[in-house]
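Data first, discussion second: the structure below is written as structure tokens.
Computed from the coordinates by the stated procedures, all read-outs in this text should not be read as laboratory data. Quick caveat, the model's predicted, so the values are computed rather than measured. So basically every Cβ, Gly included, is an ideal-geometry build from the backbone, and we count neighbours across all protein chains shown.
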Amino acid sequence: MSQRYKVIDNTVPTFVALTIIDWVDLFIRPAYFRILDDSLNYCIANKGLTVHAYVYMSSHIQPITSSQENGLQDIIRDFKKHTSKGFIKEIKELLESRRECLLAKLNYAAKRVKKGVSYKVWKDGYHPVILDTSKKIAQCIHYNPVASELVYHERDWKNSSYAIYEEDNPENN
């Protein structure tokens, strides 16, 4: 992990972007989203992670997180390690049309950094940004699929927490 950026206060909502190596569009199948969901839910239940908002894009995820119990660096490190193993397993087991290409790309990335692993899925580090209001920033991350022209409205992107914010906002009802 980069030594340059550190989470200063784990208890304050913090925006992070976790990116797949070389911006590979990995997240295009439901199995990969299940791995992300299951891993985040595990961290919530067992590591004290709070996820205030999130959006999954094809090559990265953007959660707004905090923790009253553990360091975010440690939680994110464990999350990335666990999901990496899950993604590789799914790539190998699924009828993934891009199997050989993905494995070759992730293997090449691992060889470049020489950390003793066969595959490198996530880019090293992340740039945490402490937020003063998670709702305000949640609106920005929820707009990401619209800005990328993947959908016309945030509510149409099912891989985010937008629906929770829409339910909580009486103006939308």
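Between the exposed loop cleavage positions of the chain, defined as GluC sites (Glu not before Pro) in a non-H, G, I, E, B DSSP state with at most 13 neighbouring beta-carbon atoms within 10 angstrom, the longest gap is 70-148. For segment 36-111, the orientation-averaged shadow of the C-alpha convex hull comes to 5.7 nm² (one quarter of the hull surface). Considering only LEU72, LEU36, LEU131, the Gaussian network model of the chain with Cα springs below 10 Å gives its largest mean-square fluctuation to LEU131. Applying the criteria of a DSSP loop state and at most 13 other Cβ atoms within 10 Å to the trypsin sites (Lys or Arg not before Pro) of segment 79-141 yields LYS114, LYS115.
Cβ crowding within 10 Å ranks TRP23, TRP157 as TRP23, TRP157, fewest other Cβ atoms first. Between helix 72-93 and the chain, what is the angle of the helix's C-alpha long axis to the longest principal axis, kept within 0 to 90° and rounded to the nearest 10? With both axes taken from Cα atoms, the answer is about 50 degrees.
The Cα atoms of the chain define a convex hull whose projected area, averaged across directions, is 10.8 nm².
Based on other C-beta atoms within 10 Å, arrange PHE27, PHE87, PHE33 from fewest to most.
Values: PHE27 19, PHE87 22, PHE33 15.
So the residues, fewest neighbours to most, are PHE33, PHE27, PHE87.
Its DSSP H runs of at least 4 residues, each contributing -39,500 (n - 2.57), put the calculated 222 nm mean residue ellipticity of the chain at -13500 deg cm²/dmol, to the nearest 500. Between the C-alpha center of segment 8-70 and that of segment 136-164 there is a gap of 15 Å.
By the count of other C-beta atoms within 10 Å, a proxy for reagent exposure, THR133, THR83 are ordered fewest to most as THR133, THR83.
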